[in-house]
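Shown next, in structure tokens, is the structure this report addresses.
The values are calculated or read from the model by the stated rules, or taken from the named source; none is laboratory data. If you're wondering where the values come from, they're calculated on a predicted model, not measured in any experiment. Glycine gets a Cβ as well: all are built from the backbone with ideal geometry, and neighbour counts include every protein chain shown.
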Amino acid sequence: MIIEKKGKIIKGLGGLYNVRVRENENEIKIYTCRAKGSLHKDEEKLLIGDNVVITIDEDTPDGIVISDIEERKNALIRPPMANLDYLFMVFAAKKPTPVLEVVDKLIAIAIHNGIKPVVIVTKQDLGDTLASEYAQIYRGAGIDTFVTSSESGEGVASLSEYIRYNIKEGKTSAFAGASGVGKSTLMNALFPSLELSTSEISRKIERGRHTTRHVEIFDINTDEGDVGFLADTPGFSLVDFARFDFFDIDDLPQTFPDILPYANGCTYADCAHVGEGSSDCAVARAAEEGKIAPTRLESYRSIYRILKEKKNKYD
């Protein structure tokens, strides 16, 4: 007898995938299986977070296989996931020193894909003033932002409440950030039952080891019984974004909510907001007046140049 069931891929290693299936109202079962046919040959085709169909045939040696993928609402290259609703971007106030351009690129990618970005500044205990300054940048951009310390517990309760309120009813979220920012430590503080691996920072290079080596999704149970999904992802660095080709240059203004309100107020309709002076460019003028953070405008211009180079190369 052949049975088909729908589920979500929550982990994948060495060609084997864990698929979470709700058997009935009170029972969740995890099936470990391989992908069938062309799905098995194309390793990039399956992503953690994919909603899939598994086929169970007790009369064959490989009795359980992933036989189909449902249509995705979105998909990211890094972190490699599908069907995300929220992306929590984690960076430390110091140790390691944050690269805000990476954060801004992630925010742009998330917004373009219909994913709500949330910024988390960790290690507030190591740099209280810096943490506040970073938080002000992103709150000023209209992005939900939290300042936390896993050591003192600062901000953990409010972040936990935010997650439990928003990540429910099947919504999927992920924590992403550079190595060593305390991502897994924070997730353990938020959800002690996860028991994620953590590591110390290298004093020489101020970077952590990649304690998370693959994407894995965990259930979040709210007080009301609604289930949401939270993923831990491997750390990454600026190198991973060398090929920034996630969307076209014309889409860039829409991915910066703090720049967009001023983008159409320039003297010239074709203003790129890159090298123009404040007398003609409304975006440059807003930055001078403190309405746009300088680091955000720098990131916008950096991404613009990358996308412009890509467009010139392929046009």
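Listed here are the residues, each with its yes/no results for (1) within 26 Å of Ile306 (Cβ to Cβ); (2) at pLDDT 75 or above; (3) among the β-branched types (Val, Ile, Thr).
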residue: Ile167; (1), (2), (3): no, yes, yes
residue: Ser179; (1), (2), (3): yes, yes, no
residue: Leu186; (1), (2), (3): no, yes, no
residue: Ser199; (1), (2), (3): no, no, no
residue: Ser202; (1), (2), (3): no, no, no
residue: Arg207; (1), (2), (3): yes, no, no
residue: Asp223; (1), (2), (3): no, no, no
residue: Leu230; (1), (2), (3): no, yes, no
residue: Val239; (1), (2), (3): yes, no, yes
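Just one of the listed residues (Lys123, Lys73, Lys116) is under 24 Å from Ser158 (Cβ atoms) and surrounded by fewer than 23 Cβ atoms within 10 Å (Cβ to Cβ), and it is Lys116. Within the stretch 19-26, can one find any residue that is exposed (fewer than 15 other Cβ atoms within 10 Å of the Cβ) and in contact (Cβ under 8 Å) with a residue 60 or more places away in the chain? No: the stretch 19-26 contains no residue that is exposed (fewer than 15 other Cβ atoms within 10 Å of the Cβ) and in contact (Cβ under 8 Å) with a residue 60 or more places away in the chain. Restricting Ala93, Ala35, Ala108 to those that are surrounded by 15 or more Cβ atoms within 10 Å (Cβ to Cβ) and either aromatic (Phe, Trp, Tyr) or in contact (Cβ under 8 Å) with a residue 60 or more places away in the chain (or both) reduces the list to Ala108. Being aliphatic (A, V, I, L, M), free of Cβ contacts under 8 Å to residues at least 40 places away in the same chain and under 24 Å from Pro117 (Cβ atoms) is the filter here, so list the residues in the stretch 249-281 that pass it. Of everything in the stretch 249-281, those that are aliphatic (A, V, I, L, M), free of Cβ contacts under 8 Å to residues at least 40 places away in the same chain and under 24 Å from Pro117 (Cβ atoms) turn out to be Leu260, Ala263, Ala272, Val274.
Working only within the stretch 57-78, note down all residues that are hydroxyl-bearing (Ser, Thr, Tyr) and part of a strand (DSSP E or B). Give the steps one after another, and end with the answer.
Step one: list which residues in the stretch 57-78 are hydroxyl-bearing (Ser, Thr, Tyr), which gives 60, 67.
If the condition is that a residue be hydroxyl-bearing (Ser, Thr, Tyr) and part of a strand (DSSP E or B), then Ser67 is the only one that fits.
Scanning the stretch 137-158 for residues that are surrounded by fewer than 19 Cβ atoms within 10 Å (Cβ to Cβ), under 24 Å from Ile111 (Cβ atoms) and free of Cβ contacts under 8 Å to residues at least 60 places away in the same chain returns Arg139, Asp144, Ser158. Within the stretch 263-295, if we keep just the residues that are buried (at least 20 other Cβ atoms within 10 Å of the Cβ) and of a type outside the set (A, V, I, L, M), the residue that is farthest from Lys105 (Cα to Cα) turns out to be Cys281. Gly12 satisfies every condition listed in (1) in a loop (DSSP other than H, G, I, E, B); (2) out of contact with any Ser or Thr (no Cβ under 9 Å at 6 or more places or on another chain); (3) surrounded by 19 or more Cβ atoms within 10 Å (Cβ to Cβ) except (1). Put simply, of Lys95, Lys41 the only residue that is at pLDDT below 95, under 28 Å from Ser179 (Cα atoms) and either not aliphatic (A, V, I, L, M) or not assigned by TED's automatic domain parsing to the domain that holds Leu297 (or both) is Lys95. Selection of the stretch 44-56 for residues being part of a strand (DSSP E or B) and either modelled with pLDDT of 95 or more or more than 18 Å from Thr172 (Cβ to Cβ) (or both) yields Asn51, Val52, Val53, Ile54, Thr55, Ile56.
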